[in-house]
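A short write-up of the structure that comes next.
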Amino acid sequence: MGYNKKTDSMRISVLLLAFVSILISCGNLSNNQAQVYATKDGEFIVGIDTLNIELQPYVNPNKVSLTHAVKYRETYYCFFTDKKESYSKFFFVISNKGKIEKEIKLPGALTDCFYLDLYVLHDTIFSKPYMNDQSYYLDLKTLNWVETPEPDDVIYEDERYYVTYLDFGEWGSTTWFKDKLSGKEYVLSSSSNNINKIDSIYYITSGIRVLKIDNPDNMKLCDKEYYYQLIKKKEHSEGINSFIGTETIFDDTTYSQWDFKEPKLYIVTLFKVKNRLFYLCNDSIRTFVAKLENREMTPILSLERKYSTFNWHYSYRCQIQNDNFQLLKFHNESNDTYGFIEIKENKINIRYLNLKKN
């Protein structure tokens, strides 16, 4: 076959368009390295980079731990807590490139507590001492914390249902589905706040279990004395022990909480790509993306190593973000380093944090 200048030019144009397309699709990841992985279940874009954050002018990075973080409008908002004194906390606004833009003074109610939540709700950043009527929102214009009435413990909302969740520690937990049309509330026992919806079906994952709910109105009808707004005001309460109206489509039956061992497979989170659900999972050696088929988790993409994700005690709404975006925190205990895993649709960005320790 002879040389064809027109054909070669077309090939070069196609390659350039493909390359630009990949760059555009990866651009929102803000990473140095981004690779497209083609699987039979679709493409996944995985980026890896490092954020250099200079904590030293504010606090000795060797003496604090990252405990809370959210990302809002391409900016990180983070709590760092003293390793020896949990009531000594620092709050920083950090740019998407790792620059500390502001250290924000904390009100006493946010420092004088051990259980604390930090989350984004309705385009507002909240911090809430657990089981305390005092809550605060961050005024983004003045960058001051402002006291506010306690917001609902909402974990999901659509046109039909308003879903709330409370964790009662050793006394269990409850998820409420409130029907906006009838005002009735339906309850189930669930230790999860990660809910996704495909078509009209709801899926809830709780680490070792995935529940499927075809119609929340088929769940246990809540006694009016146990409605969410009443229970949240009580000083003590217990979780509901009911799975009525749900179907368990995955369950790690090899694990028992009484064994005090890690499960063989742990579901870190679930996320949606083009109206399909995928799961980010950990086993003993690695973190991977999986799909659920025939009640089994089938790995489809390995992230090469294990990322030990964590949330602070009773901080369970922090990874819930807007626009199908999730922010997870991980900690490598062997070298005491931290990082973020950011997920939006088929894009997974792994960002190591270099706190520039001495």
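In the range 30-65, which residues are β-branched (Val, Ile, Thr), farther than 30 Å from SER86 by Cβ and in contact (Cβ under 8 Å) with a residue 60 or more places away in the chain?
Scanning the range 30-65 gives THR39, ILE45, VAL46, ILE48.
Kindly evaluate ILE125 against the criterion of being at pLDDT 90 or above and closer than 20 Å to THR269 by Cβ.
Taking the combined requirement at face value, the residue does not satisfy it.
For the list (1) modelled with pLDDT of 95 or more; (2) assigned to a loop (DSSP other than H, G, I, E, B), I need the number of the one condition that ASN241 fails.
Against the list (1) modelled with pLDDT of 95 or more; (2) assigned to a loop (DSSP other than H, G, I, E, B), ASN241 comes up short only on (1).
Looking at this structure, is THR309 touching a residue at least 12 places away in the same chain (Cβ under 8 Å) and closer than 30 Å to GLU185 by Cα?
no
Of all residues in the range 340-358 being closer than 14 Å to GLY98 by Cβ and outside any strand (DSSP E or B), which is modelled with the lowest pLDDT?
Restricting to residues being closer than 14 Å to GLY98 by Cβ and outside any strand (DSSP E or B), the top hit is LYS356.
Checking the condition modelled with pLDDT under 95, hydrophobic (A, V, I, L, M, F, W, C) and closer than 21 Å to LEU327 by Cα, which residue from TRP312, TRP258 passes? Steps first, answer last, please.
Numbers: TRP258 fails: closer than 21 Å to LEU327 by Cα.
After ruling out the rest, the residue left standing is TRP312.
Among THR148, THR175, which is the only one that is surrounded by 17 or more Cβ atoms within 10 Å (Cβ to Cβ) and at pLDDT 90 or above?
Within the list THR148, THR175, the selection yields THR175.
Among (1) within 22 Å of TYR279 (Cβ to Cβ); (2) under 22 Å from the mean Cα position of the chain (by Cα), which single condition is VAL154 missing?
The failed condition is (1).
Mind checking whether some residue in the range 104-117 is surrounded by fewer than 15 Cβ atoms within 10 Å (Cβ to Cβ), within 22 Å of the chain's Cα centre (by Cα), at pLDDT 95 or above and not aromatic (Phe, Trp, Tyr)?
No: the range 104-117 contains no residue that is surrounded by fewer than 15 Cβ atoms within 10 Å (Cβ to Cβ), within 22 Å of the chain's Cα centre (by Cα), at pLDDT 95 or above and not aromatic (Phe, Trp, Tyr).
Could you check the range 54-89 and list, in sequence order, the residues that are exposed (fewer than 13 other Cβ atoms within 10 Å of the Cβ) and of a type in the set (S, T, N, Q)?
Passing the criteria: ASN60, ASN62.
Restricting the search to the range 198-237, which residues are in contact with an Asp or Glu (Cβ under 9 Å, 6 or more places away or on another chain), assigned to a strand (DSSP E or B) and β-branched (Val, Ile, Thr)?
Matches in the range 198-237: ILE201, VAL210, ILE213.
Considering only strands (runs of 3 or more DSSP E) fully contained in the range 74-191, which possess at least 3 residues that are touching a residue at least 60 places away in the same chain (Cβ under 8 Å), among the polar types (S, T, N, Q) and in contact with a Lys or Arg (Cβ under 8 Å, 6 or more places away or on another chain)?
Answer list for the range 74-191: none.
The values are calculated or read from the model by the stated rules, or taken from the named source; none is laboratory data. Worth saying up front: this structure is predicted, and the values here are computed from it rather than measured. For neighbour counting, all protein chains shown are included, and Cβ atoms are generated from backbone atoms with ideal geometry for every residue, glycine included.
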